[in-house]
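The numbers here are math on the coordinates, done by the rules we state, and not lab data. Note that the coordinates shown come from a computational prediction; the quantities given were computed from them, not determined experimentally. We place every Cβ from the backbone using ideal geometry, glycine too, and count neighbours over all the protein chains shown.
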Amino acid sequence: MKRFSYLVFLLTVLVCSCTSHDFTVREGRSVTLRGNYRNFSLKGEAFLSPDATGSILFHTDAKGESGYEVVLHNGPIDGTLKTGSLSSVRNLYRSLAADTTWFWFTVNVIGKNITIATENALLVCYTEPDAPYRIPAFAKRVLSEGKIAFQTSSGTIRFRNVVVTPWSDDMVSDVPAQDEQNDRIIRLQQQFFPVIDYHVHLKGGLTKEQAAQMSMAYGINYGVAPNAGEGGVGRMLADDDEVYAYYDEVKSLPFLCGVQGEGRRWTSTFSREALSIFDYLFTDAMTIRDQAGRITRLYHPEEVIRDGLTDEEYMDVIVDQTVKILTNEPADIYANPTYLPDDMQSRYDELWTDERINRVLDVLERYHIALEINPRYCIPSMKIIRMAKERGLHFTFGTNNVDANFGRLEYCLDAIEQCGLTADDIWFPSMSIRSTRPTVLY
Ligand SMILES: [Zn+2]
């Protein structure tokens, strides 16, 4: 193995690509491999100083202005692009790598297909369509052929065992492309609007492999969450041991890792320590204690017993319970928000009066709880989303799928357009205050 050491004042260093290389790229510097590449496999290890940020450019020119950029940046889920992102095309928000620890990366280009992996996880599998959608700033972010360069914008990044293997120009990939001319997700990616579905369940036949494949194809980051507690649909975690076992299963997968408190007893069933290993925790108010103290799942019509209460009176029961749940159960996100039982849904706008909306938004504001925008039920209404935005509340997008057949956040994309949501309105786990909140058993 050939070893290179570089002086700090060198801006660009050309190295031979026929063997493996070790080098360090300091802040504001870059290293470019000798030669031009079209189809290739790039492998190596990286070591980032604390909070370092850098990237690997490929198919780029001497100035680093064309081609694609693979992000190198670890740390908390705070809205910044994370290691393995194909910047502005497939932005990722959770890093599987950590600072001050060596990790493997691989970047492959075969025909129109780009794959990016770190450690043993495939993070990006993107096929550039014949007519890629690019905003003017990224007009040159397309495949052609060109240089491979490593650059660091902050901190120091060390590389070792870097090897690039050129492949024949006529190799092609059969991974199909998405039509970007009619896709709203790529438009958000180009603007660095975080596209994350925080509420995906591996249930109804949806496997983790399938979820990863869908996430990469659609350009939507998935937050995968088990249900912890009782009474819900599908697999339920029953105790701390099951929580830890589940987490071990999913922590190295390319998803954000969440957990959903289910039923109304999860706060006493699970320890704070066990639940705190997840990136985020959410709950909903679809299971309430009704006017007679019965545990009632509002999505099971046969469990909704009115005891003669009118819609208005039963609505007050639901709102009281919602306020109680969000006040006492330290969740980060209010999921399936403002959900009503079947027989009340046609009166949604009438029953969710400003006063009732404000009672719920007050609690969200007080405890920094994010409001989920849910495309499965198309809730909350655009009016409520606007009222929440007006208060400066943060939002997540969350589907709550029942199986593998679910959409691409359509209602959330409508909300972005109709309510003027921006990237600053989106919630990230770095904003969580749940660890500072007491769990109140009520
Ligand atoms: Zn759910």
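Using amide H atoms built 1.01 Å from N in the peptide plane, name the residues 5+ places from Leu202, or on other chains, whose amide H lies under 5 Å from its own.
Those lying under 5 Å, H to H, from Leu202 are Ala225.
Suppose R0 equals 51 Å. What FRET efficiency, 1/(1 + (r/R0)^6) with r the Cβ-Cβ distance, do Trp102 and Arg359 give to the nearest 0.05?
0.50
Pick out which of Gly44, Gly234, Gly263 has the largest mean-square fluctuation in a Gaussian network model of the chain, springs linking Cα atoms closer than 10 Å.
Looking only at Gly44, Gly234, Gly263, the biggest GNM fluctuation is shown by Gly234.
Is there a quick way to get the dipole size of the range 159-219? I mean about its Cα centre, with the Cβ of Lys and Arg at +1 and of Asp and Glu at -1; what is the value in debye to the nearest 20?
For this selection, approximately 420 debye.
Once amide H atoms are placed 1.01 Å from N in the peptide plane, what residues at a sequence separation of 5 or more from Ile426, or on another chain, have their amide H within under 5 Å of its amide H?
For Ile426, whose amide H was placed from the backbone, the distant partners under 5 Å are Phe395.
Once Lys and Arg get +1 and Asp and Glu get -1 on their Cβ, which of Pro380, Thr338, Ala370 lies farthest toward the positive end of the dipole of the range 292-442?
Selected residue: Ala370.
Using Cα centres only, tell me the gap between the range 152-202 and the range 88-122 in whole Å.
About 8 Å separates the Cα centre of the range 152-202 from the one of the range 88-122.
Find how many whole Å separate the alpha carbon centroid of the range 284-318 from the alpha carbon centroid of the range 382-408.
The two parts, judged by their Cα centres, are 23 Å apart.
Among Asn358, Asn108, Asn336, which one shows the biggest mean-square fluctuation in a GNM of the chain, springs joining Cα atoms closer than 10 Å?
Asn358
Quote to one decimal, in nm, the extra length available between Ala121 and Met171 on full extension: 0.36 nm per residue of separation minus the C-alpha distance between them.
That works out to 15.7 nm of additional length.
From the Cα gyration tensor of the range 352-399, with a ≥ b ≥ c the square roots of its eigenvalues, which class applies: rounded if a/c is under 1.5, or else prolate if a/b is larger than b/c, or else oblate?
oblate
Which of the listed residues, Pro76, Pro136, Val109, is farthest toward the dipole's positive end in the range 42-186, when Lys, Arg count +1 and Asp, Glu count -1 at the beta-carbon?
Pro76
Near the amide H of Phe40, under 5 Å away, which other amide H atoms are found, from residues 5 or more places off or on another chain, if H is placed in the peptide plane?
Val109, Trp167
Take the alpha carbon atoms of the range 73-87, find their center, do the same for the range 233-275, and report the distance between the two centers in whole angstrom.
24 Å
Can you tally the net charge around Ala245? Count Lys and Arg as +1, Asp and Glu as -1, for every other residue whose Cβ sits under 14 Å from the Cβ of Ala245.
Every neighbour counted, the sum reads -4.
For the chain, what is the relative contact order in percent, using Cα pairs closer than 8 Å and at least 6 residues apart in sequence?
14 percent
Under a point spin-label approximation (7 Å from Cα along Cα-to-Cβ), what is the Val142-Glu350 distance to one decimal in nm?
Going from the Val142 label point to the Glu350 one covers 5.5 nm.
Would you mind telling me which residue in Glu417, Glu69, Glu145 has the biggest mean-square fluctuation in a Gaussian network model of the chain, where springs connect alpha carbons within a distance under 10 angstrom?
The residue that fluctuates most here is Glu417.
Using unit Cβ charges (K, R positive; D, E negative) and no other charged atoms, how large, in debye to the nearest 20, is the dipole of the chain about its Cα centre?
Here the size comes out at about 1940 debye.
Which ³J(HN,Hα) values in Hz, rounded to whole numbers, follow from the phi angles of the range 354-366 under the Karplus curve 6.51 cos²θ - 1.76 cosθ + 1.60, where θ = phi - 60° and Gly and Pro get x?
So the J values, rounded to whole Hz, are 4, 5, 5, 4, 5, 4, 6, 5, 4, 5, 4, 5, 4.
Can you give the FRET efficiency to the nearest 0.05 for Ser41 and Ser271, using r as the Cβ-Cβ distance and R₀ = 56 Å?
About 0.80, to the nearest 0.05.
Please say if the range 361-442 is rounded, prolate or oblate, where rounded means a/c under 1.5 for a ≥ b ≥ c the square roots of the C-alpha gyration tensor eigenvalues, and otherwise the choice is prolate for a/b larger than b/c and oblate otherwise?
Oblate, because a/c is 1.5 or more while a/b does not exceed b/c.
Once phi is turned into θ = phi - 60°, what whole-Hz ³J(HN,Hα) does the Karplus curve with 6.51, -1.76 and 1.60 give for every residue of the range 213-225, x standing for Gly and Pro?
Per residue, the Karplus-derived 3J(HN,Hα) values read 5, 5, 4, 5, 5, 7, x, 10, 5, 9, x, 9, 9 Hz.
Hey, what do the phi angles of the range 326-334 turn into as Karplus ³J(HN,Hα) couplings, whole Hz, using 6.51/-1.76/1.60 and θ = phi - 60°, x for Gly and Pro?
6, 6, 9, 9, x, 9, 7, 9, 8
So how strong a dipole does the range 14-167 carry about its Cα centre when Lys and Arg Cβ are +1 and Asp and Glu Cβ are -1, to the nearest 20 debye?
My answer is approximately 240 debye.
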